[in-house]
Number of protein chains: 2
Amino acid sequence: MLTPELIREAHARIESFVHRTPLIQSGSFNEAAGRHVFFKCENLQRAGAFKIRGAMNKLLSLTNEERRRGVAAFSSGNHAQAVALAARETGTRAVIAMPSDAPRMKIAATRGYGAEVVFYDRQRDDREAFARGIAERESLVLVPPYDDYLVMAGQGTCALELLEDVPHLDALVMPCGGGGLFAGASTAAKAVNAKVRCFPVEAETANDTEQSFRRGERVCIPPPPTIADGMRNQAPGALTFPILQRNAEDVLTVSDDLIVEALRFLLFRCKLLVEPTGAVGAAAALFGKLPRNIQRVGVIISGGNVDPETLARLLPATSDDHASSMLK
Amino acid sequence: MLTPELIREAHARIESFVHRTPLIQSGSFNEAAGRHVFFKCENLQRAGAFKIRGAMNKLLSLTNEERRRGVAAFSSGNHAQAVALAARETGTRAVIAMPSDAPRMKIAATRGYGAEVVFYDRQRDDREAFARGIAERESLVLVPPYDDYLVMAGQGTCALELLEDVPHLDALVMPCGGGGLFAGASTAAKAVNAKVRCFPVEAETANDTEQSFRRGERVCIPPPPTIADGMRNQAPGALTFPILQRNAEDVLTVSDDLIVEALRFLLFRCKLLVEPTGAVGAAAALFGKLPRNIQRVGVIISGGNVDPETLARLLPATSDDHASSMLK
């Protein structure tokens, strides 16, 4: 079970292995958003995303015998790098199953940490079954990207730090893919301050969690087309979803266009490189998706891994940018 | 005179108006540089650069009568925005002389803070005489970009914070334009730890300070062509240069190509948007310009104001990048 205690234990376990990322405020963002926003900058985390927190917690919790055999993981990117880095730090073998169309930089970084990469076809293969097959054949421990209490507890540590720095928040907003970050972070936040309203945010076209939340049961959608490549999962997790149902105020969505505008705002005004998935929470805060009476908001910037080619495509600022026109 | 006391007073005066910027470390940067580097991230400062520190200190030190009349400044960009913002914060009128080819975003931001902008021709006009003319005609107080002890003291506060966070540094490295940042920061650093070796860094083609340092007197060069637009001054300051002569271990230079590679490294690996001028110190640390026995280095990232158009031009990563080939 995921408890605040499990998250505090995770924090003690991993804190010498991860950065305590800075909390950054921007006057121009606050002005444009009409609220006071505190960014928890997990794009400045090791391996460029919060994922190292969960991976590190999981790997440090393995038995010596398990660690000797090694681990396997499936991921479109950041989880892959995180497991690869955590494996290197603990002297463990890692085999990572990645979609063949994953960003070039993420594949290179995963290999750079010393992991073995095997590819699956995102349209055809069931990535979980694919990875399970490898794990079973080679006696590896599977490190799930979200549906695992130790992984969720690790991810939750970023909210623990955020609430330690700023306990009085009206809301906590963050991207939601499979729901591991939300499960951990909302549990941690509510343990510190029960009044914090927690909002997972999805890309509009990848709204498996929104649909599931409305329906009251997990809904599976076709492989979603969105620029937010960390949100291409087709359903919320079996273990994360009940926690989300309990802790989420509502599930918000933003269009890919607004995600890109938020990414540009964070880059040019706040000087932070944020990947599309990582900018989804900021987009919700910037473009009026939150209830009006929410004034002090923690926004988790989940990651910053963007290919140069992808960024180059996103840069050209059109003169009719919603964001630009809001600025003086 | 510039004293450590003047810098401490400046810090007390301005600290509620500026961010205490985060100190950021990057494992991949350290690995590539072969040293332990602490980035003082003034690109995350208000108005996107350290310049607000000096401008704020100067404006808060004006008499009420001076503040009523208003201020004038000349600047290729960041100083302009800083004076404009400081004037807004203190309820003062600001008139800013900018070169007609200054980055579009910097002009817009300066106006956005409520300042009046007047243009001069960088190739033809003497910008200082131009600004002095305006100041005299309209009874404004001129806020020099560097040759002023209150401005230098303000800039020095960023090193005071850096050394408070990490007192045991072998060296402090930073970009050097007119020398205001170097004068203030080296004075502050040596007051905390006299053993810190201080290195100003210039773009190779804008090496007025290097030439002056070698010659032992101020040298004036033709308008220098460099991508580092904050370094296009033609000579070090009359007041900053003697301080630099006393405090500088050596003056380092880096080519525009290495500046761009460092900028890309900071962007894609460290997730920080840094302007070319701001990346010059990082370039020196990354590409072997520092003495080998220097292990713990503070690097001041001076600013992050880059036009989207400029960034788009700098992005295309060539496969033979020096930086990329150094990375696993």
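The values are calculated or read from the model by the stated rules, or taken from the named source; none is laboratory data. This is a predicted model, so every value here is computed, not measured. Cβ atoms come from the backbone with ideal geometry, glycine included; neighbour counts cover every protein chain shown.
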**Item:** Members of segment A:248-260 that are more than 17 Å from the chain's Cα centre (by Cα), in a loop (DSSP other than H, G, I, E, B) and buried (at least 17 other Cβ atoms within 10 Å of the Cβ)
**Value:** A:249
**Asked** Which one of the conditions (1) among the aliphatic types (A, V, I, L, M); (2) closer than 14 Å to residue A:33 by Cα; (3) out of contact with any helix residue (DSSP H, G or I) (no Cβ under 6 Å at 6 or more places or on another chain) does residue A:258 fail to meet, given that it meets all the rest?
**Response** (3)
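Filter segment A:274-299 down to residues that are crowded, with 24+ Cβ neighbours inside 10 Å and touching a Leu at 6+ places or on another chain (Cβ under 7 Å) and give me whichever is farthest from the other protein chains (Cβ to nearest Cβ).
Among those residues, the one meeting the criterion is A:284.
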**Request:** Might you let me know whether segment B:266-282 holds any residue that is assigned to a strand (DSSP E or B), in contact with a strand residue (DSSP E or B) (Cβ under 8 Å, 6 or more places away or on another chain), in contact (Cβ under 8 Å) with a residue 24 or more places away in the chain and closer than 24 Å to residue B:165 by Cα?
**Result:** yes
**Request:** Read through the list (1) within 17 Å of the chain's Cα centre (by Cα); (2) part of a helix (DSSP H, G or I), then give the number of the only condition that residue A:145 fails.
**Result:** (2)
**Message:** When you scan segment B:74-96, do you find a residue that is away from chain A (no Cβ under 14 Å), under 24 Å from residue B:297 (Cβ atoms) and not charged (D, E, K, R), even just one?
**Reply:** no
**Prompt:** Of (1) buried (at least 21 other Cβ atoms within 10 Å of the Cβ); (2) farther than 30 Å from residue B:172 by Cβ, residue B:155 satisfies all except one. Which?
**Reply:** (2)
**Request:** Give the number of residues within segment A:219-246 that are farther than 30 Å from residue A:107 by Cα and not hydrophobic (A, V, I, L, M, F, W, C).
**Result:** 3
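Which residues, counting only those in segment A:199-221, are surrounded by fewer than 24 Cβ atoms within 10 Å (Cβ to Cβ) and either outside any helix (DSSP H, G or I) or touching a helix residue (DSSP H, G or I) at 6+ places or on another chain (Cβ under 8 Å) (or both)?
Hits for segment A:199-221 are A:204, A:205, A:207, A:212, A:213, A:216, A:217, A:218, A:219, A:220, A:221.
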**Request:** Keeping to segment A:220-273, report how many residues are under 30 Å from residue B:305 (Cα atoms), away from every other protein chain (no Cβ under 14 Å) and of a type in the set (D, E, K, R).
**Result:** 3
**Request:** State which residue is farthest from residue B:305 (Cα to Cα) when the search covers only segment B:66-99 and only residues that are in contact (Cβ under 8 Å) with a residue 40 or more places away in the chain and in a strand (DSSP E or B).
**Result:** B:71
**Request:** Provide a single number: the residues in segment A:153-184 that are farther than 14 Å from residue A:300 by Cα and under 11 Å from the mean Cα position of the chain (by Cα).
**Result:** 1
**Message:** Looking only at residues that are away from chain A (no Cβ under 12 Å) and at pLDDT below 90 in segment B:300-325, which one is surrounded by the most Cβ atoms within 10 Å (Cβ to Cβ)?
**Reply:** B:322
**Asked** Which residues, counting only those in segment B:14-29, are closer than 21 Å to residue A:25 by Cα and either in a helix (DSSP H, G or I) or away from chain A (no Cβ under 13 Å) (or both)?
**Response** B:14, B:15, B:16
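Just a yes or no: is a residue in segment B:285-294 charged (D, E, K, R), at pLDDT below 95 and over 17 Å from residue B:25 (Cβ atoms)? Quick ask: steps written out before the conclusion?
Going residue by residue through segment B:285-294, those that are charged (D, E, K, R) are B:289, B:292.
Imposing the further condition that a residue be at pLDDT below 95 reduces the set to B:292.
Then keep just the ones that are over 17 Å from residue B:25 (Cβ atoms); that gives B:292.
So far as segment B:285-294 goes, yes, one or more of its residues are charged (D, E, K, R), at pLDDT below 95 and over 17 Å from residue B:25 (Cβ atoms).
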**Prompt:** Given the conditions (1) in the same structural domain as residue B:235 (by TED's automatic domain parsing); (2) more than 21 Å from the chain's Cα centre (by Cα); (3) under 30 Å from residue A:165 (Cα atoms), which single one is not true for residue B:32?
**Reply:** (3)
**Message:** Being in a loop (DSSP other than H, G, I, E, B) and either in the same structural domain as residue B:223 (by TED's automatic domain parsing) or not small (Gly, Ala, Ser) (or both) is the filter here; which residues of segment B:111-138 pass it?
**Reply:** B:113, B:121, B:122, B:123, B:124, B:125, B:126, B:138
**Asked** What about residue A:102, is it assigned to a loop (DSSP other than H, G, I, E, B), more than 14 Å from chain B (Cβ to nearest Cβ) and within 17 Å of residue A:305 (Cβ to Cβ)?
**Response** yes
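Give the residue, chosen from A:245, A:234, that is of a type outside the set (Gly, Ala, Ser), in the same structural domain as residue A:312 (by TED's automatic domain parsing), surrounded by fewer than 24 Cβ atoms within 10 Å (Cβ to Cβ) and not in a loop (DSSP other than H, G, I, E, B).
Selected residue: A:245, the only one of A:245, A:234 that is of a type outside the set (Gly, Ala, Ser), in the same structural domain as residue A:312 (by TED's automatic domain parsing), surrounded by fewer than 24 Cβ atoms within 10 Å (Cβ to Cβ) and not in a loop (DSSP other than H, G, I, E, B).
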**Item:** Set A:108, A:10, A:55, A:32: member being in contact (Cβ under 8 Å) with a residue 60 or more places away in the chain, part of a helix (DSSP H, G or I), aliphatic (A, V, I, L, M) and within 13 Å of chain B (Cβ to nearest Cβ)
**Value:** A:32
**Prompt:** Which of (1) surrounded by fewer than 21 Cβ atoms within 10 Å (Cβ to Cβ); (2) not assigned by TED's automatic domain parsing to the domain that holds residue B:95 does residue B:162 not meet, given it meets every other one?
**Reply:** (1)
**Counted residues, segment B:35-52 - those being assigned to a strand (DSSP E or B) and either more than 19 Å from the chain's Cα centre (by Cα) or among the aromatic types (Phe, Trp, Tyr) (or both)** = 3
**Request:** Sort out which residues of segment A:93-119 are touching a Lys or Arg at 6+ places or on another chain (Cβ under 7 Å) and crowded, with 20+ Cβ neighbours inside 10 Å, and write them in order of number.
**Result:** A:97, A:99, A:113
